[in-house]
Structure formats: structure tokens, C-alpha cells
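Encoded as C-alpha cells, the structure appears first; notes follow it.
The values are calculated or read from the model by the stated rules, or taken from the named source; none is laboratory data. Every value quoted in this text rests on a predicted model; they were computed, and no experiment measured them. Every residue, glycine among them, receives a Cβ derived from its backbone with ideal geometry; neighbour counts consider all protein chains shown.
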Amino acid sequence: MAFAAKILGTGSAFPQRRLTNDELAHQIAAGGVETNDRWIRERTGIRERRITDTGNSAETNSSLGTQAARNALAMAKKSAADIDQIIYATCTPDTIIPSTACWLQQKLGADRAWAMDINAACSGFVYGVVTGEQFIKSGHARTVLVVGAEVLSQFVNWTDRTSCILFGDGAGAAVLERVSDDSPGRILSSHLLSNGSLNGLFLIPAGGSKLEVTPERFHQNLHKIQMNGREIFKVAVRTLVECATRVLEQNQMTVADLDWFVPHQANIRIIEAVADRLNYPMDRVLVNVDRFGNTSAATIPTVLDGALRDGRIEPGQTVLFDAFGAGLTAGSVLLRW
């Protein structure tokens with residue numbers, strides 16, 4: 001029997017603290033950097049984001065991931081004992097060793113599962129879904145938990161107004177289950193790509209084995225996010241359009257066949273530019289960047305979870321995930337709900 005994968009349930013979790021644009025502008029003004037709510041909204045579409053309390057053990061990366069996973073398991077009517085495999089997508093792990101997936105496994109009590117992290121930055125959840133799907137299709141797994149979670153506030157340079165306004169913290173999760181390959185609700189196809197020659201567009205230079213965080217490098221903020229926003233915008237729009245087009249072509253479909261488009265929530269201007277190039281209506285694009293900012297690997301699962309819980313996504317509808325991230329990484333997933 002040939003297998004396919006289906007998303008049975010989703011979940012999300014966010015820190016309690018809301019940081020509005022006005023509060024952020026006041027916060028960074030103390031460091032001599034000027035910005036305001038209007039400037040941020042016009043360039044990003046973001047009005048607030050969630051920020052982790054580092055002193056709260058319930059708001060670590062793995063703790064947020066655990067909350068999101070429990071919510072996803074409840075929707076899927078599954079328990080931790082049902083999980084065969086945990087795939088944890090993050091570029092802001094609790095620790096370099098052990099993996100955040102193992103921290104989550106312990107907190108969740110998923111003793112039967114094997115667990116691993118993947119780092120594809122903002123494309124992480126899409127990469128995780130495709131990876132889980134392949135283990136299911138091969139017969140190696142029946143139930144796979146995919147988590148995308150980030151605590152980006154710990155890696156933001158709060159004196160760089162071009163980047164610090166963009167990011168927030170949060171976690172999203174999905175439970176993938178084995179179904180027959182002719183099931184009406186299933187993942188239809190995917191398209192992944194990477195381009196390492198663009199690695200300098202978005203990076204954290206220090207903190208890995210290549211460059212230790214010394215006091216000098218700390219003061220230079222080399223352990224914080226550095227990005228070339230202008231170039232990222234151009235590359236992101238082009239790449240998202242390419243990935244969406246490719247995965248639709250694989251199924252002899254066009255954007256007219258889509259019920260919902262779920263892009264990475266990097267910036268509303270990028271989302272609008274992609275929708276415009278695809279000639280796809282914005283009222284069928286799922287968006288939560290205004291309330292949560294860019295949560296990297298968590299953006300697609302959290303906006304998806306919101307749309308499932310409020311009833312916008314219905315059985316039988318066709319949905320397209322589309323992401324890009326540092327690396328450069330990118331990918332799309334087409335599925336029928």
C-alpha cells in the first residue's frame with residue numbers, strides 16, 4: 001500500500017508580553033535610535049509582537065514548543081505516546097547541545113519518539129513538514145510531530161531599527177498522520193531549494209564554532225542578527241513566487257485553484273508584492289504578522305492554526321504554504337485539507 005501524509009491538528013503558543021510599536025520606539029530611543037509607530041507600520045505592517053520573559057521557564061523555546069505541541073495533539077485527538085518522530089525547526093535553540101527537540105520530548109513525555117532539530121531559519125517549518133512526510137511515505141513513521149519555534153528577541157540588536165522592529169517570539173506545531181495515497185485530504189506535493197551563495201544577506205556571525213563570542217565581538221554585536229533588508233526584499237519576492245509556481249505546476253494547477261495562500265510572515269510589503277505577482281487576492285492570503293511580527297519558523301504554523309480554529313480553512317479546501325529564510329532556504333507545500 002502506498003502512503004501519504006495529512007495534517008491532523010495544529011497548535012500555537014506565544015509569550016504573554018505584548019510589545020507595541022510605541023513601546024518599542026520608546027525602548028530603543030533610550031539607546032539613541034529614533035523610530036515611531038507610523039514608520040514601522042508603513043514599512044512592515046507590524047503593530048505589535050510578543051517578547052519572551054527570559055526569567056520565566058514557561059517561555060523558553062522548548063516550553064513554547066511544548067505548549068504548541070499539546071494544542072496540536074489535542075486537535076488531532078492524539079497523545080504524546082502516539083508520536084513516532086519529533087522534528088523541531090528552530091534557529092534559536094534552547095541549547096546547542098542537546099537539541100531542542102530532545103528538551104521538548106522530555107517535557108512532552110513522548111518517550112517512544114526519536115527527535116531531531118533542523119535549522120532552515122524561516123523555512124524551517126516547511127522543511128520539517130516535507131521531512132516528516134517523507135518518513136511517513138517510506139513507512140518509517142505513522143505519526144510525526146513538527147514544531148516551528150523561535151525566541152528571536154534574544155538575538156536581535158535593539159539598536160538597529162531596520163531589524164529589531166521585525167521580530168517576535170512564538171511557537172507553532174502540526175501533527176502529521178499516515179493516510180492512503182488516494183485520500184482526499186493529504187499533502188499533494190512540495191518544492192524545496194537552497195542557495196548558499198546568498199548566506200551573507202541574513203546571518204549571526206559569532207556564536208558558532210567558526211567565531212567565538214569574545215568580549216570584543218560581544219560589544220560589536222556580532223552575536224546578533226545582521227541583515228541586508230533591501231536585498232532580502234527583492235530575493236524574497238522572487239523566490240516565493242518561484243516556489244509557489246513550481247508546486248502548483250507539479251499538480252497541473254494555477255493560483256485560481258487555491259482556496260488559501262499561507263506565506264511566511266516576514267513583512268506585509270513582501271506578502272503583498274508576492275500576491276500581486278501571482279495575481280492572487282489578498283483577502284485569501286492568511287496573515288498574522290501585524291499581531292506577532294516575524295516569528296521565523298513559527299510563522300506558517302501559527303497563522304495556519306489561527307485560520308483552522310476560527311473556521312476559515314474548511315475540509316476539501318486547497319492550501320499552499322510558501323516560505324523563504326536565511327541560507328538562503330525556501331520551500332512550498334501544497335495540500336488539500
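Residue-wise test of (1) touching an Asp or Glu at 6+ places or on another chain (Cβ under 8 Å); (2) without any contact (Cβ under 8 Å) to a residue 60 or more places away in the chain.
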residue: Gly11; (1), (2): yes, no
residue: Arg17; (1), (2): yes, yes
residue: Thr35; (1), (2): no, no
residue: Arg43; (1), (2): no, no
residue: Gly55; (1), (2): no, yes
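Take the conditions (1) touching a strand residue (DSSP E or B) at 6+ places or on another chain (Cβ under 6 Å); (2) under 12 Å from Leu334 (Cα atoms); (3) buried (at least 17 other Cβ atoms within 10 Å of the Cβ); Leu248 misses just one of them, which is (1). Each residue in segment 43-53 was checked for being over 14 Å from Val156 (Cα atoms) and either assigned to a loop (DSSP other than H, G, I, E, B) or among the charged types (D, E, K, R) (or both), and 6 pass. Candidates are the residues of segment 174-224 that are under 30 Å from Ala141 (Cβ atoms) and of a type in the set (S, T, N, Q); the one that is surrounded by the fewest Cβ atoms within 10 Å (Cβ to Cβ) is Ser180. Being at pLDDT below 95, more than 30 Å from Ser189 (Cβ to Cβ) and among the β-branched types (Val, Ile, Thr) is true of Thr54. The residue list Gln220, Gln154 contains one member that is touching a Ser or Thr at 6+ places or on another chain (Cβ under 8 Å) and either more than 30 Å from Gln105 (Cα to Cα) or not hydrophobic (A, V, I, L, M, F, W, C) (or both), which is Gln154.
Only one entry of Gln265, Gln252 meets the criterion of being over 21 Å from Asp169 (Cβ atoms) and part of a loop (DSSP other than H, G, I, E, B), and that entry is Gln252.
Among the residues of segment 71-85, how many are surrounded by fewer than 20 Cβ atoms within 10 Å (Cβ to Cβ) and either basic (Lys, Arg) or more than 12 Å from Gly109 (Cβ to Cβ) (or both)? Matching residues across segment 71-85 total 5.
For Lys137, the criteria (1) touching a strand residue (DSSP E or B) at 6+ places or on another chain (Cβ under 7 Å); (2) buried (at least 17 other Cβ atoms within 10 Å of the Cβ); (3) basic (Lys, Arg) hold in every case but one, which is (2).
Can we say Ala275 is farther than 30 Å from Trp158 by Cβ and either outside the structural domain of Thr44 (by TED's automatic domain parsing) or in contact (Cβ under 8 Å) with a residue 24 or more places away in the chain (or both)? Spelling it out, Ala275 is indeed farther than 30 Å from Trp158 by Cβ and either outside the structural domain of Thr44 (by TED's automatic domain parsing) or in contact (Cβ under 8 Å) with a residue 24 or more places away in the chain (or both).
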